[in-house]
Amino acid sequence: MDWNTLKQNCASCAACPLHATRTNCVFGVGNPQAKLMFVGEAPGEQEDLTGVPFVGRAGQLLDKFLFAVDLSREDVYIANILKCRPPNNRDPLPAEEDACMGYLRDQVRLISPRIIVCLGRIAAMRMIKPDFKMTKEHGIWFERGNFAMTAVFHPAALLRNPSQKDAMLADMKAIRARLDSLT
Ligand code: URA
């Protein structure tokens, strides 16, 4: 399957009830050839309205951390576990994640990134391990065949708890260093 077909399939997806309440399917943004991919949780209100991931307050903070390590959205690819917004931004249900993961898997296959960074606990639990503990395990590398994975605090969590911003910056610097070391 090619990129445009995948995007079209996603836009017309009705595999879970969230399709009924979406304004837009939020497929992803950035460079589909990127070596570095970020995966968040699910679209919020602004993302649902615009069809672009991480454009609300949390997204603006993510942009600042990318800028801090000399990266922009054009250098990376950003997607979410869920492509449609859960009502009132509640956590994704396991059945919604199951219905949606195929799109993310196909995105990963087509992009073929070398590094995948989970933004927050929900993505880390789904993609790295079900018992992932963000406070203890953020910034740790998990080697997975063709790529390395790590997880960082979700930018929305940093808005609630700014004391974790130093740890986030350190993790982002380590991610940048690993990106620079790729052959
Ligand atoms: N939070 C996420 O996890 N993803 C978005 O796209 C926006 C906010």
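For the range 15-51, name all the residues that are surrounded by fewer than 19 Cβ atoms within 10 Å (Cβ to Cβ) and either of a type in the set (Asp, Glu) or near the ligand (Cβ under 8 Å from one of its atoms) (or both).
Scanning the range 15-51 gives Glu45, Gln46.
Among the numbered criteria (1) among the acidic types (Asp, Glu); (2) open to solvent by 20 Å² or more (accessible area, probe 1.4 Å); (3) within 12 Å of the ligand (Cβ to nearest atom), which single criterion is violated by Asp2?
The single condition Asp2 does not satisfy is (3).
Of the residues Arg160, Arg126, Arg121, which is within 15 Å of the ligand (Cβ to nearest atom), open to solvent by 70 Å² or more (accessible area, probe 1.4 Å) and farther than 23 Å from Gly102 by Cα?
Arg160
Note down all Cβ pairs under 7 Å where the first residue falls in the range 74-85 and is open to solvent by 10 Å² or more (accessible area, probe 1.4 Å), the second is away from the ligand (no atom under 11 Å from the Cβ) and in a strand (DSSP E or B), and they're at least six residues apart or on different chains.
Matching pairs, first to second residue: Glu74/Gly30.
Give me a count of the residues in the range 86-102 that are over 11 Å from Glu47 (Cβ atoms) and open to solvent by 40 Å² or more (accessible area, probe 1.4 Å).
Qualifying residue count, the range 86-102: 8.
Restricting to the range 1-28, name every residue that is among the basic types (Lys, Arg) and either farther than 14 Å from Leu104 by Cα or touching a Gly at 6+ places or on another chain (Cβ under 6 Å) (or both).
Result: Arg22, single match.
Filter the range 141-158 down to the residues that are more than 17 Å from the chain's Cα centre (by Cα) and either at pLDDT 95 or above or more than 16 Å from Val39 (Cβ to Cβ) (or both) and list them by number.
Listed by number, the residues that qualify are Glu143, Gly145.
The values are calculated or read from the model by the stated rules, or taken from the named source; none is laboratory data. What you see is a predicted model, and the numbers here were worked out from it, not measured in a lab. Here Cβ is always computed from backbone atoms with ideal geometry, including for glycine, and neighbour counts include all displayed protein chains. SASA here: full protein model, heavy atoms, side chains in, ligands and nucleic acids out. Shrake-Rupley method; radii C 1.70, N 1.55, O 1.52, S 1.80 Å.
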